[in-house]
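Undergrad: Here it is: the structure, laid out below.
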Amino acid sequence: MRRIISVLMENEPGALSRVVGLFSQRGYNIESLTVAPTEDATLSRLTLTTIGDDHKIEQITKNLNKLIDVVKLVDLTEGSHIERELLLVKVRATGAQRDEVKRSVDIFRGQIVDVTSNMYTVQVSGTSEKLDAFLQALGEHTIMEVVRSGVSGIARGEKILSI
Amino acid sequence: MELLSGGDMLVRALQDEGVELIFGYPGGSALHIYDAIFRQKGIKHLLVRHEQGATHSADGYARATGKTGVVLVTSGPGATNAITGIATAYMDSIPMVVISGQVPSDKIGEDAFQETDMVGCSRPIVKHSFLVKKAEEIPEVVKKAFYIASTGRPGPVVIDIPKDVTNPVDRYPYAYPEKLRMRSYTPAGKGHTGQIRKAVALLLSAKRPVIYAGGGVVQGDGSELLTELAQRLNFPVTNTLMGLGAYPGTDKRFLGMLGMHGTFEANTAMHHADVILAVGARFDDRVTNTPNKFCPGAKVIHIDVDPASISKTITADVPIVGTVQSVLKEMLEMLKASKEMPDQSAIVDWWRQIDDWRERHGLYTAPRYRTDGDMLMPQEVISAVHQITNGDAYVTSDVGQHQMFAAQYYLFDKPRRWINSGGLGTMGFGLPAALGVKAAHPDAEVVCVTGEGSIQMCIQELSTATQYNLPVKILCLNNQALGMVKQWQEMQYEGRLSNSVYEESLPDFIKLAEAYGHLGMKIEHRDELHGKLAEAFAIKDRTVFIDVYVDPSEHVYPMQVMPNGSMRDMWLSKTERT
Ligand SMILES: Cc1cc2nc3c(=O)[nH]c(=O)nc-3n(C[C@H](O)[C@H](O)[C@H](O)COP(=O)(O)OP(=O)(O)OC[C@H]3O[C@@H](n4cnc5c(N)ncnc54)[C@H](O)[C@@H]3O)c2cc1C
Ligand SMILES: Cc1ncc(C[n+]2csc(CCOP(=O)(O)OP(=O)(O)O)c2C)c(N)n1
Ligand SMILES: [Mg+2]
């Protein structure tokens with residue numbers, strides 16, 4: 001099953017490489033990874049998505065917790081949560097294509113953030129599934145370049161991950 | 001406040017941490033630190049002959065004392081030479097702090113002379129690491145390093161220090177922190193009382209119990225409590241390779257080691273057990289054999305300080321995260337308070353069954369090796385050493401058949417006496433580890449059981465033994481082959497001995513030992529074994545290299561059947577299978 005694990009860790013050099021290293025060392029896979037400092041400059045928040053059965057996920061969270069830099073973590077997929085990913089895509093758009101692309105962008109509530117006479121740069125955010133669907137709607141032959149931010153997430157309701 | 005340079009600060013912090021001994025080797029990036037060592041008293045530094053030796057010596061010191069071993073090396077090759085020893089300590093959960101010099105901060109990343117990314121190289125084999133950026137950080141980093149290395153599940157910690165940080169010119173106020181607060185590291189302490197209660201109920205309901213104790217009991221100083229528990233309940237105990245000595249080896253409740261080369265009675269009892277109490281053991285693949293065939297009828301209680309060890313390969317029915325000391329103490333208190341005891345007639349039947357297994361194939365009820373041949377058998381050599389040392393020596397070992405024979409036939413009654421590389425299986429460990437033990441316990445008898453293969457991997461440390469007058473006995477079970485490899489080739493590769501023999505290229509170990517200033521002794525025949533060993537062990541002030549020629553055709557048995565075997569599937573000899 002796909003899981004979103006959110007980690008609060010010391011904002012120290014080397015901390016990120018320890019997390020990434022753990023995954024390759026123990027043969028766990030990382031589907032996506034995002035990391036940035038938090039409102040407390042001494043902490044970073046790292047969100048990663050991974051795939052595994054319950055046993056594997058348990059080992060992943062236990063081993064992450066063992067890392068000295070990791071302060072706290074939560075498996076967001078255990079409860080209801082909001083997940084978002086940002087997509088930037090350059091799309092070939094000439095002639096009749098221009099309107100068609102624009103319609104798709106509207107349907108997916110995206111924005112065109114840059115234009116030339118031949119292309120649009122489009123920004124869409126949402127769940128990874130939604131972004132997949134948008135890319136599919138555009139069709140392979142119109143896509144020139146894709147950048148995805150990786151998943152970020154936060155629990156719904158009053159639950160918070162903090163120290 | 002006192003003003004100190006980075007180098008002096010480091011040495012002072014080590015003193016304030018209570019460090020007595022450092023094992024190390026100097027070089028460019030570490031020279032400021034070495035100068036600081038020269039200008040102090042209090043900490044003794046032992047110059048090894050190879051950085052791998054330094055790590056193994058510090059490791060042996062740590063295993064024998066329970067204190068954290070300390071290593072100091074230079075950058076680049078000094079640091080990479082230490083890697084094998086760090087990995088060895090990591091796999092066996094040994095507390096160690098490794099300080100490595102690094103190129104100056106402004107050169108890092110420039111492929112500078114003797115630059116390697118030590119934090120990166122060592123990352124998968126350390127519990128944690130630090131790259132020190134400013135001299136002012138040194139006291140706190142040292143404090144944290146020792147705290148992390150020695151608490152929870154112990155392990156090695158690297159402190160990498162760029163040369164400019166230790167320079168003698170710049171001075172800073174020094175104070176060693178008294179307390180530490182680490183919001184991201186809180187090692188487990190007491191176990192969950194509800195879980196312990198469940199475990200106690202399960203133990204009381206057991207009809208065919210086995211206590212499976214590992215290295216965590218030795219390292220966590222839980223032997224006395226474990227022994228009390230086993231004796232109170234009259235339960236059989238088996239130890240892992242790392243756990244030998246956690247329960248007295250000569251006690252009647254001891255079944256011997258379990259696992260790949262475990263005894264018939266230990267492995268068979270495990271297979272038939274209804275309740276297994278695993279204490280400070282990690283269900284290693286050398287123990288469980290095929291996991292889905294492991295102990296089919298058993299409920300498993302697992303006590304471990306590291307939650308990641310629990311239900312990793314074998315699912316625990318009653319997981320308990322906590323230190324062996326605190327959990328066993330609480331268990332005993334509950335048992336005493338409840339006054340209940342397990343079903344005595346069931347336990348008596350269980351013992352009857354176990355005694356029958358012992359009679360049939362046990363290692364300690366009759367010799368299970370040939371005694372009619374001309375050649376000395378490795379097993380009888382170990383037994384003779386056990387006898388001569390009253391079972392009270394510190395025995396370090398290298399890796400191979402000799403290691404297994406030592407584990408099987410030197411019955412350890414006390415913890416911290418058996419010092420070997422189990423998890424990584426590092427040939428070359430034995431001699432430097434023995435020197436570390438001897439440095440910690442100068443009056444103790446220290447024996448390194450080795451093979452003619454392994455000893456050549458750190459033989460240079462014979463010179464360290466000379467320099468610091470660390471007289472140990474080196475017992476080389478010389479079978480003129482990489483015996484353990486050869487055994488596998490004979491069993492699984494139709495006897496094709498690919499690169500496991502040396503073709504007359506072995507050195508004369510007697511002369512070699514003498515060249516380093518030690519004594520050498522050769523033993524070839526049964527009738528000279530006891531006499532010569534007695535002679536060797538009577539010598540207390542010299543290192544003695546005892547080269548014992550043993551039957552090269554001997555294999556280690558029992559040996560679990562692999563792959564796809566269960567715990568009880570074993571070869572008992574070259575021809576006999578369970
Ligand atoms: C040639 C060769 C053959 C081998 N054959 C065998 C064999 O036949 N049988 C065998 O058993 N091994 C054998 N081994 C060794 C094997 O590879 C493992 O090293 C060993 O089985 C692990 O022992 P352990 O389970 O006691 O764990 P250790 O590696 O000693 O780990 C200790 C466990 O205890 C925990 N712990 C540490 N401190 C505490 C504390 N204070 N409180 C609570 N928990 C704590 C740790 O978290 C860890 O999980 C062999 C090795 C070699 C090289
Ligand atoms: C550094 C290292 N390299 C290779 C091995 C694989 N290995 C395990 S046992 C063994 C043979 C050891 O030979 P020896 O020291 O003579 O011991 P014996 O088995 O003959 O008693 C080898 C090569 C190892 N454990 N460690
Ligand atoms: Mg050999």
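Undergrad: Enter the accessible area per residue of the protein assembly as shown (Å², integer; probe 1.4 Å; all protein chains in place).
TA: I get 42 Å² per residue for the protein assembly as shown.
Undergrad: Inverting the mean 1/r over all pairs of different Cα atoms, compute the Kirkwood radius of segment B:250-378 and quote it in Å.
TA: Every distinct Cα pair counted, the radius reaches 16.8 Å.
Undergrad: Over segment B:412-470, calculate the relative contact order: mean separation of alpha carbon pairs under 8 Å at least 6 apart, over the residue count, as a percent.
TA: 37
Undergrad: Would you report the distance distribution of C-alpha pairs in chain B as whole percents per 10 angstrom bin, up to the bin with the largest distance?
TA: 4, 17, 26, 25, 18, 8, 2, 0
Undergrad: Among the listed pairs B:336/B:438; B:127/B:339; B:144/B:190, give every one whose C-alpha distance is greater than 30 Å.
TA: Result: B:336/B:438; B:127/B:339 exceed 30 Å.
Undergrad: Here's something else I'd like to know. Can you list residues from other chains, or at least 5 along the same chain, whose modelled amide H is less than 5 Å from the amide H of residue B:517?
TA: Those lying under 5 Å, H to H, from residue B:517: there are none.
Undergrad: On a C-alpha basis, how far is the centre of segment A:61-99 from the centre of segment B:403-424 in Å? Whole number, if you could?
TA: Value for the Cα centre distance between the two parts: 50 Å.
Undergrad: Take the alpha-carbon centre of segment B:279-346, take the same for segment B:435-487, and report the distance between them in whole Å.
TA: So the separation of the two Cα centres works out to 35 Å.
Undergrad: Specify the angular offset, from 0 to 90 degrees and rounded to the nearest 10, of the alpha carbon long axis of helix A:97-107 from the longest principal axis of the alpha carbons in chain A.
TA: The angle comes out at about 40 degrees.
Undergrad: Can you give the Kirkwood hydrodynamic radius for segment A:58-163, in Å, rounded to one decimal and based on Cα pairs?
TA: 16.0
Undergrad: Using the Karplus equation 6.51 cos²θ - 1.76 cosθ + 1.60 (θ = phi - 60°), what ³J(HN,Hα) coupling, rounded to whole Hz, does each residue of segment B:396-413 give in order, writing x for Gly and Pro?
TA: 9, 8, 8, 10, x, 4, 4, 5, 5, 5, 4, 5, 7, 10, 9, 7, 7, 8
Undergrad: Okay, moving on. Would you grab the residues whose amide H sits under 5 Å from the one on residue B:22? Only those 5+ places off in sequence or on another chain, please, with H modelled 1.01 Å from N.
TA: Amide H to amide H, under 5 Å and 5 or more residues apart or across chains, residue B:22 pairs with B:44, B:45, B:46.
Undergrad: Using a Förster radius of 45 Å, what is the FRET efficiency between residue A:2 and residue B:105 based on their Cβ-Cβ separation? Nearest 0.05, please.
TA: 0.60
Undergrad: For segment B:195-204, what does the Karplus curve 6.51 cos²θ - 1.76 cosθ + 1.60, with θ = phi - 60°, yield as ³J(HN,Hα) per residue in whole Hz, taken in order and with x for Gly and Pro?
TA: Each residue of segment B:195-204 in turn: 5, 5, 4, 4, 4, 4, 4, 5, 4, 5 Hz.
Undergrad: Given the options A:26, A:92, A:18, which has the most mean-square fluctuation in a GNM of chain A, springs set between C-alpha atoms less than 10 angstrom apart?
TA: A:26
Undergrad: Heavy atoms only, probe 1.4 Å: what % of the accessible area of segment B:406-500 goes to carbon and sulfur, would you let me know?
TA: 50
Undergrad: What residues qualify as long-range amide H neighbours of residue B:421, i.e. H under 5 Å apart, gap of 5 or more or another chain, H built at 1.01 Å from N?
TA: Here the answer is B:397, B:426, since their amide H atoms fall under 5 Å of that of residue B:421.
Undergrad: Hey, another quick one. Just the number, please: carbon plus sulfur as a percent of the accessible area of segment B:1-160, 1.4 Å probe, no ligands or DNA/RNA counted.
TA: After summing per-atom areas, the C and S share lands at 54 percent.
Undergrad: If eta is 1.306 mPa s and T is 10 °C, what Stokes-Einstein diffusion coefficient results for the protein assembly as shown, Kirkwood Rh from Cα pairs, in µm²/s?
TA: The diffusion coefficient I find is 56 µm²/s.
Undergrad: Taking only Cα atoms, what is the 0 to 90° angle, nearest 10, from helix B:6-16's long axis to the longest principal axis of chain B?
TA: Helix B:6-16 sits at roughly 40 degrees to that axis.
Undergrad: When only Cα pairs under 8 Å and 6 or more residues apart are kept, what is the percent relative contact order across segment B:349-429?
TA: 26
Undergrad: A further question on this structure: With each label point set 7 Å from Cα along the Cα-Cβ vector, what nm distance links residue A:114 and residue B:44?
TA: Simple spin-label model gives 6.8 nm for this pair.
Undergrad: Then there is this: Find the centroid of the Cα atoms in segment B:497-575 and in segment B:210-276, then give the distance between the two in whole Å.
TA: Each part reduced to its Cα centre gives a spacing of 27 Å.
Undergrad: Kindly write out, for segment B:271-288 in residue order, the coupling ³J(HN,Hα) from the Karplus curve 6.51 cos²θ - 1.76 cosθ + 1.60 (θ = phi - 60°), rounded to whole Hz, with x marking Gly and Pro.
TA: 4, 9, 5, 9, 9, 10, 9, 8, 10, x, 10, 10, 6, 5, 5, 6, 10, 7
Undergrad: Can I ask one more? So what's the angle, to the nearest 10 degrees on a 0 to 90 scale, between helix A:54-66 and the longest Cα principal axis of chain A?
TA: The angle comes out at about 70 degrees.
The values are calculated or read from the model by the stated rules, or taken from the named source; none is laboratory data. Remember, it's a predicted structure, so these values are computed and weren't measured experimentally. Here Cβ is always computed from backbone atoms with ideal geometry, including for glycine, and neighbour counts include all displayed protein chains. For the accessible areas, the whole protein counts, side chains as well, though only heavy atoms, and no ligand, DNA or RNA atoms are used. Shrake-Rupley method; radii C 1.70, N 1.55, O 1.52, S 1.80 Å.
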